[in-house]
Amino acid sequence: MSGPNDVSDAPTGIEFDIISRSGLMAVAFSAVVLIVGIRSRNLWLLQVLHVGGGATWMVLDVFLGFVLGPILNAQTFTARISIASKLLPKMLLLMPTAVTMTLAAGWVLGSLLGNTQPGSPAYRYIVASYFLAAILEVTALGFLQPANVAVMFEIKQPHPNPEVVGSLMKRFVFAARVLGIAQIGILLLMTRIASLA
Amino acid sequence: MDRTVKSFTTVGVAGLVAAVISGIYVVTHPADRGSIYVQLLLALLAQIVLMFNLRSAETLDKPRRHRFNLVSGIALVGYTVRTGIIALAFFTVGIRGGRMAFLALDLALYAMTVPTIIGFTAARTASIAPSEPAEGRQ
């Protein structure tokens with residue numbers, strides 16, 4: 001019976017693009033829209049970018065950490081690298097794009113609405129959100145994204161090491177779980193700020 | 001060797017924490033209030049960590065160094081664009097002068113530290129030539 005530690009299914013590397021051209025085009029388009037939103041100071045566009053980016057970021061973290069991650073870790077090695085080769089290149093581009101949209105549009109939006117001023121009723125929630133965002137950034141950039149990149153390089157090798165992939169995937173899923181929990185805190189803070197308006 | 005590379009990643013995360021806290025300190029303290037020494041100390045700490053990591057990259061063996069350079073180079077391009085957009089957001093809402101200079105410094109440190117963390121993590125798995133079978137790994 002096969003399981004997560006079963007490597008008898010002769011692991012071999014998978015050919016795939018770590019960075020896809022179509023994905024880069026989508027990232028470039030998002031960056032242009034974000035720059036237009038920031039420079040135009042259009043509140044509606046900034047709301048779209050901040051809320052849309054934040055929702056994407058949160059859903060991805062919660063889904064990866066609590067739904068897909070445990071399923072992925074229970075798969076055979078071959079199934080795991082097959083899913084990872086499709087999932088991780090998308091995550092590599094999607095996550096930083098969603099995070100940048102959320103933070104940059106959110107900062108401009110908060111400043112235009114006066115929420116980043118110390119006298120604002122929302123200020124303490126905004127400051128709390130900075131610290132949660134810092135936890136998210138450090139976990140995502142210090143643990144999740146490096147693991148993401150390292151797994152992709154490993155599974156591209158002709159003979160990927162099941163132990164290395166398993167260990168990195170566990171780290172990836174653990175980081176996504178920490179992010180999912182911090183994201184729930186951000187959700188509570190942001191909805192509190194919205195209810196003050 | 002693997003453990004040594006892992007420690008470079010850990011040190012890099014410490015530098016990232018310093019750069020992020022420094023950035024939060026600057027945005028939460030108006031120009032006339034925050035202590036310049038706290039900002040300087042955090043930015044200096046992040047800078048020292050970055051220098052240490054860049055020197056550490058030179059000690060990697062050839063396959064690991066090749067992967068480190070490849071991955072951190074691509075990541076550097078991405079994170080430079082990203083921090084540029086964030087800097088534009090700060091500039092657009094009227095942050096100027098010393099605060100903007102500190103934020104730009106923090107963002108630059110952030111844009112250089114993250115690629116080293118990603119590069120070291122990717123380099124950890126590059127210990128042998130691609131043609132060598134998996135059994136030969138440590």
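The values are calculated or read from the model by the stated rules, or taken from the named source; none is laboratory data. The model shown is predicted, which means the values in this text are computed figures rather than measured ones. Virtual Cβ from ideal backbone geometry, glycine too; neighbours counted across all protein chains shown.
Candidates B:93, B:71, B:11, B:5: the one that is within 14 Å of chain A (Cβ to nearest Cβ), under 22 Å from residue A:150 (Cβ atoms) and at pLDDT 90 or above is B:71. With respect to residue B:121, is the statement that it is at the interface with chain A (Cβ under 9 Å from one of its Cβ atoms), in a helix (DSSP H, G or I), buried (at least 23 other Cβ atoms within 10 Å of the Cβ) and at pLDDT below 90 true? Yes.
Within region B:23-37, identify whether any single residue is in a helix (DSSP H, G or I), within 10 Å of another protein chain (Cβ to nearest Cβ), touching a residue at least 24 places away in the same chain (Cβ under 8 Å) and among the aliphatic types (A, V, I, L, M), and answer yes or no. Looking through region B:23-37, at least one residue is in a helix (DSSP H, G or I), within 10 Å of another protein chain (Cβ to nearest Cβ), touching a residue at least 24 places away in the same chain (Cβ under 8 Å) and among the aliphatic types (A, V, I, L, M).
Considering region A:115-197, the qualifying helices (runs of 4 or more DSSP H), each wholly inside and each with 2 or more residues that are aromatic (Phe, Trp, Tyr), run over A:123-139, A:162-196. If the condition is being buried (at least 17 other Cβ atoms within 10 Å of the Cβ), in a helix (DSSP H, G or I) and of a type outside the set (Lys, Arg), then region B:85-99 contributes B:85, B:86, B:87, B:89, B:90, B:92. The condition (being under 29 Å from residue A:37 (Cβ atoms), of a type in the set (Ser, Thr, Tyr) and assigned to a helix (DSSP H, G or I)) is satisfied by just one residue among B:113, B:9: B:113.
Filtered by the rule that a residue be small (Gly, Ala, Ser), surrounded by fewer than 17 Cβ atoms within 10 Å (Cβ to Cβ) and at pLDDT 90 or above, region A:154-193 gives a lone residue, A:185. When A:163, A:137, A:154 are checked against the criterion of being of a type in the set (D, E, K, R) and without any contact (Cβ under 8 Å) to a residue 12 or more places away in the chain, a single residue qualifies: A:163. Scanning region A:3-41 for residues that are at pLDDT below 85 and at positive phi yields a single hit, A:10.
Here is the figure for region A:29-56: residues that are more than 14 Å from every other protein chain (Cβ to nearest Cβ) and buried (at least 18 other Cβ atoms within 10 Å of the Cβ) total 1. So, residue A:64, is that one more than 8 Å from every other protein chain (Cβ to nearest Cβ), assigned to a helix (DSSP H, G or I) and either within 24 Å of residue B:10 (Cα to Cα) or at pLDDT 90 or above (or both) or not? Yes.
Take the conditions (1) surrounded by fewer than 16 Cβ atoms within 10 Å (Cβ to Cβ); (2) at pLDDT 90 or above; (3) within 12 Å of chain A (Cβ to nearest Cβ); residue B:51 misses just one of them, which is (3).
Set side by side, the residues A:79, A:84, A:26 differ, and just one is among the aliphatic types (A, V, I, L, M) and crowded, with 17+ Cβ neighbours inside 10 Å, which is A:84.
If you check residue B:60 against the conditions, is it crowded, with 16+ Cβ neighbours inside 10 Å, touching a residue at least 12 places away in the same chain (Cβ under 8 Å) and assigned to a helix (DSSP H, G or I)? Here the answer is no, as residue B:60 does not meet what is asked.
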